Amino acid sequence: MILACGLAAALLRLPFLWTGLGMDEGGYAHVVQQWSRGARLYGEAWLDRPQGLLLTYRLLLWLDDDGWTIRLGAVLAGLGITVLVGLIGWLLVDSRTGVAAAGLYAIAGVAPNIEGFTLNGELLASFPATLAVAAALLWLRYQSAIWLVTAGLAAGVAMTMKLSGLDGIAVGLVVVLLRPRSGRIIGSPQALFLGASAAPVGLSALHGWHLGWREYWTALVGYQFSAMGEPAAGPAARWADFTGSLGPAARDLAVVAGAAAVGLWLLRGTRPARRVLLAWLGGAALGVNVGGSYWPHYYVQLLPPLTVAAAAAVAAVRRPRLRAAAATTVLLPQLIWLGALVPATAEERQQRIPYHGLARRDERIAAAIRAETVPDDRIFVLISRSNIYFLAQRTTDYPYLWGKPIEKIPDALPRLRAMLDGPQRPALIVLDSDPGRVDRSGELSRILAEHYRVRRVVEGVPLLTTA
């Protein structure tokens, strides 16, 4: 039944292969594509994500560089996590809880408001983190060192997908502490787990040192820390981002979180299960807060532990019909959304599926860019619609493709002004944002007015070419 739930998870996610890429997915694809063509990672090909995510994207684009394989990666991740949460529910509680956990994640994991069907860093981190939890529990049951090493390696890989993928480490340490005193294993289990988890992180750091440690550290960690005292990343900005993210997150997570709270209460007498789930939730919640910007997809990390805890509540219902009704209630937000897509027109689906309508718009903008430029021309998208670079198969001399780094990195805005005002300025600019909001001094608006004119307008977005 757990494998059947995994198949259902894959089938539910398959239609989203053809709804277009989001700006993060397309931006990651562009950076990886430039890296594969010789650009220096964390230099010309700049991204504030570790190498595990980039290698995954590079593999998917190697399979087919049109980009649809990126969403195939999301399908496979959804399938894998579904099977793993089922295994975890079975190991922690019983087989009925395992089946319930797999069934809940198969559907709840689609999570449209928090972009659960896209290949974001949180989903990529969730797969190895969930594998780490399952392997740690298998070690606790069978006392085989191979499972503990697997748990450590998977927990480390999760952090190479996104540094906030901390939940595998948290659960692994708790499980090691839960080991019965009579258990036998060669060496210290804590050292074995932590050593294995350090291996992928250490290899990433070694590669970063080879590329240039200062640039690597600044991209992944340094610029975020440096900006913490600034208005763009201070307490007021973080609070505003957090409160603004609660609405979308609640629409997908409120019901399952309520059921998870009931499940944790029911497990209050089950010491290992309760502690493992609390550690898992705590690690995932810490990961959500480490990011700092509180984009909706940050909350994807919470879904695996929430669905296992909610499954404990669903499985506690003895009567099959009432149990099915309880599961349906937990899944109601996603079932309503998915059900509404079936009779919807193509236009309605573009409005209801996150990124679908914008992806189609960006594809038309990209077609216009290709018509107005040649492959060697440099362009610039103002700002954050980084998927346009990938769709148009054009690149830029400016490293920062998203708005947050421009807000937080001290030399980012002066560097942008210098590029647009210099002799090697881009051949075309996609004016998707108000330059006055990017640069409140008005200098960016002045530079654009002086050097550029509107060539054409596509989907309401002006394309500027040099005057």
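Just for the range 132-169: of the residues that are touching a helix residue (DSSP H, G or I) at 6+ places or on another chain (Cβ under 8 Å), of a type outside the set (A, V, I, L, M, F, W, C) and part of a helix (DSSP H, G or I), which one is most open to solvent (accessible area, probe 1.4 Å)?
Only one residue tops the list, namely Arg141.
In the set Gly269, Gly263, Gly244, Gly258, which member is out of contact with any Phe, Trp or Tyr (no Cβ under 8 Å at 6 or more places or on another chain), open to solvent by 10 Å² or more (accessible area, probe 1.4 Å) and either part of a helix (DSSP H, G or I) or in contact (Cβ under 8 Å) with a residue 24 or more places away in the chain (or both)?
Exactly one of Gly269, Gly263, Gly244, Gly258 is out of contact with any Phe, Trp or Tyr (no Cβ under 8 Å at 6 or more places or on another chain), open to solvent by 10 Å² or more (accessible area, probe 1.4 Å) and either part of a helix (DSSP H, G or I) or in contact (Cβ under 8 Å) with a residue 24 or more places away in the chain (or both), namely Gly258.
For the range 399-423, which residues satisfy the criterion of being among the hydrophobic types (A, V, I, L, M, F, W, C) and either buried (at least 19 other Cβ atoms within 10 Å of the Cβ) or within 26 Å of Pro235 (Cβ to Cβ) (or both)?
Leu401, Trp402, Ile406, Ile409, Ala412, Leu413, Leu416, Leu420
Specify the residue that is most open to solvent (accessible area, probe 1.4 Å); the eligible residues are those in the range 78-87 that are within 22 Å of the chain's Cα centre (by Cα) and among the hydrophobic types (A, V, I, L, M, F, W, C).
Leu79
Which residue out of Ala237, Ala327 is touching a Leu at 6+ places or on another chain (Cβ under 8 Å) and part of a helix (DSSP H, G or I)?
Only one candidate passes the filter, namely Ala327.
Considering only residues that are buried (at least 19 other Cβ atoms within 10 Å of the Cβ) and more than 19 Å from Gly20 (Cα to Cα), which ones fall in the range 36-77?
Selection gives Leu41, Tyr42, Ala45, Trp46, Leu47, Asp48, Arg49, Pro50, Gln51, Gly52, Leu53, Leu54.
Does the range 405-457 hold any residues that are under 16 Å from Arg378 (Cβ atoms), within 30 Å of the chain's Cα centre (by Cα) and of a type in the set (Lys, Arg), and which are they?
The one that is under 16 Å from Arg378 (Cβ atoms), within 30 Å of the chain's Cα centre (by Cα) and of a type in the set (Lys, Arg): Arg415.
Quick check: anything in the range 277-285 surrounded by fewer than 23 Cβ atoms within 10 Å (Cβ to Cβ), out of contact with any Leu (no Cβ under 6 Å at 6 or more places or on another chain), over 20 Å from Leu140 (Cβ atoms) and not charged (D, E, K, R)?
Initial filter on the range 277-285 (surrounded by fewer than 23 Cβ atoms within 10 Å (Cβ to Cβ)): 278-279, 282, 285.
Remaining after also requiring out of contact with any Leu (no Cβ under 6 Å at 6 or more places or on another chain): 278-279, 282, 285.
If we keep only those that are over 20 Å from Leu140 (Cβ atoms) as well, we get 285.
Within this subset, residues satisfying the condition of being not charged (D, E, K, R) are 285.
Scanning the range 277-285, I find at least one residue that is surrounded by fewer than 23 Cβ atoms within 10 Å (Cβ to Cβ), out of contact with any Leu (no Cβ under 6 Å at 6 or more places or on another chain), over 20 Å from Leu140 (Cβ atoms) and not charged (D, E, K, R), so the answer is yes.
Looking at the range 366-423 only, could you name the residues that are closer than 18 Å to Arg440 by Cβ, in a helix (DSSP H, G or I) and of a type in the set (Ser, Thr, Tyr)?
Correct list: empty.
Considering only the range 58-81, state which residues are touching a residue at least 60 places away in the same chain (Cβ under 8 Å) and either in contact with a Lys or Arg (Cβ under 7 Å, 6 or more places away or on another chain) or not in a loop (DSSP other than H, G, I, E, B) (or both). Steps first, answer last, please.
Taking the range 58-81 as the starting set, the residues that turn out to be touching a residue at least 60 places away in the same chain (Cβ under 8 Å) are 67, 74-76, 78-81.
Matches in the range 58-81: Ala74, Val75, Leu76, Gly78, Leu79, Gly80, Ile81.
Among Ala8, Ala4, which is the only one that is free of Cβ contacts under 8 Å to residues at least 24 places away in the same chain and open to solvent by 40 Å² or more (accessible area, probe 1.4 Å)?
Only one candidate qualifies: Ala4.
Which of the residues that make up the range 424-459 are β-branched (Val, Ile, Thr) and either open to solvent by 80 Å² or more (accessible area, probe 1.4 Å) or part of a helix (DSSP H, G or I) (or both)?
Restricting attention to the range 424-459, the residues satisfying the condition of being β-branched (Val, Ile, Thr) are 429-430, 438, 447, 454, 457-458.
Answer for the range 424-459, where residues must be β-branched (Val, Ile, Thr) and either open to solvent by 80 Å² or more (accessible area, probe 1.4 Å) or part of a helix (DSSP H, G or I) (or both): Val438, Ile447, Val454, Val457.
Residues being surrounded by fewer than 16 Cβ atoms within 10 Å (Cβ to Cβ) and either touching a helix residue (DSSP H, G or I) at 6+ places or on another chain (Cβ under 9 Å) or among the β-branched types (Val, Ile, Thr) (or both): count how many of those fall in the range 340-359.
Number satisfying all stated conditions: 9.
If I ask for residues that are of a type in the set (Ser, Thr, Tyr) and open to solvent by 20 Å² or more (accessible area, probe 1.4 Å), which ones from the range 380-394 would you list?
Answer for the range 380-394, where residues must be of a type in the set (Ser, Thr, Tyr) and open to solvent by 20 Å² or more (accessible area, probe 1.4 Å): just Ser384.
Which residues, taken from the range 18-35, are open to solvent by 20 Å² or more (accessible area, probe 1.4 Å) and farther than 14 Å from Pro399 by Cα? Give the derivation first.
Within the range 18-35, the subset open to solvent by 20 Å² or more (accessible area, probe 1.4 Å) is 18, 21, 23-24, 34-35.
Residues satisfying the conditions are Trp18, Leu21, Met23, Asp24.
The values are calculated or read from the model by the stated rules, or taken from the named source; none is laboratory data. Every value quoted in this text rests on a predicted model; they were computed, and no experiment measured them. Methodologically, a virtual Cβ is constructed for each residue, glycine included, from the backbone with ideal geometry; neighbour enumeration extends over all protein chains shown. Note: accessible area is taken over every heavy atom of the protein model, side chains too, but ligands, DNA and RNA are not part of it. Shrake-Rupley method; radii C 1.70, N 1.55, O 1.52, S 1.80 Å.
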